[in-house]
Amino acid sequence: MPGLDRIDLELLAALADDPRITIVALAENLKLSRNTIQARMARLEQTGVFLSYERSFSPDVLGFPLQAFVNIGVRQPELPRIINELARIPEIVQAHGLSGSIDLLARVACRDARHLFDTDARILSIEGVERTETSLAMGEVIPFRVAGLIGLARRES
């Protein structure tokens with residue numbers, strides 16, 4: 001990751017406040033030229049600062065209101081193949097590798113409890129998956145956010 005200067009952090013803060021802000025509005029708000037904003041955005045994109053341009057929306061609207069987190073224990077030497085197979089399960093909307101006693105944490109979206117049971121069974125059927133433990137998500141209490149981290153980085157720069 002690149003070192004971010006004060007202007008980069010101001011740009012990221014503006015984007016965190018309003019993800020749909022235009023280049024022109026960014027230039028006006030930050031008192032920089034449109035070309036400067038475009039060049040910085042291109043550099044930030046090329047260096048991997050932006051995670052995704054995918055629009056986020058609730059799986060509920062697609063008919064998948066039940067969300068759960070599945071802790072997955074695997075045989076470590078088979079991890080790359082297992083991850084590839086997990087990626088083919090559409091109900092898995094996100095997964096992370098973890099340290100500690102759990103190897104992977106998958107977030108799944110399902111229609112109902114039966115669908116969740118079937119999804120868990122598909123995960124368990126993957127060769128090398130040794131165990132799963134599933135917890136229902138009762139609700140998101142702190143959504144993904146980076147504005148606080150941007151503020152910390154701005155104070156520290």
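The values are calculated or read from the model by the stated rules, or taken from the named source; none is laboratory data. Just so we're clear, the structure is a prediction, and the values are computed from it rather than from any experiment. Heads up, the Cβs are rebuilt from the backbone with ideal geometry, glycines too, and the neighbour counts pull from every protein chain shown. Accessible surface is based on the protein model in full, side chains and every heavy atom, while ligands, DNA and RNA are left aside. Shrake-Rupley method; radii C 1.70, N 1.55, O 1.52, S 1.80 Å.
Listed values, structure above:
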| read-out | value |
| --- | --- |
| Residue within region 70-90 that is surrounded by 11 or more Cβ atoms within 10 Å (Cβ to Cβ), within 30 Å of residue 20 (Cβ to Cβ) and in contact with a Ser or Thr (Cβ under 9 Å, 6 or more places away or on another chain) present | no |
| Qualifying positions in region 80-127 - touching a strand residue (DSSP E or B) at 6+ places or on another chain (Cβ under 8 Å), in a loop (DSSP other than H, G, I, E, B) and under 17 Å from residue 58 (Cα atoms) | 91, 111, 112 |
| The listed residue being surrounded by 10 or more Cβ atoms within 10 Å (Cβ to Cβ) and β-branched (Val, Ile, Thr), out of 126, 142 | 126 |
| Any hit, region 55-69, residues being under 24 Å from the mean Cα position of the chain (by Cα), charged (D, E, K, R) and either within 30 Å of residue 131 (Cα to Cα) or open to solvent by less than 50 Å² (accessible area, probe 1.4 Å) (or both) | yes |
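Quick grid of which residues meet (1) of a type in the set (Lys, Arg); (2) touching a helix residue (DSSP H, G or I) at 6+ places or on another chain (Cβ under 9 Å):
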residue: 70; (1), (2): no, yes
residue: 76; (1), (2): no, no
residue: 80; (1), (2): no, no
residue: 83; (1), (2): no, no
residue: 104; (1), (2): no, yes
residue: 108; (1), (2): no, yes
residue: 122; (1), (2): yes, no
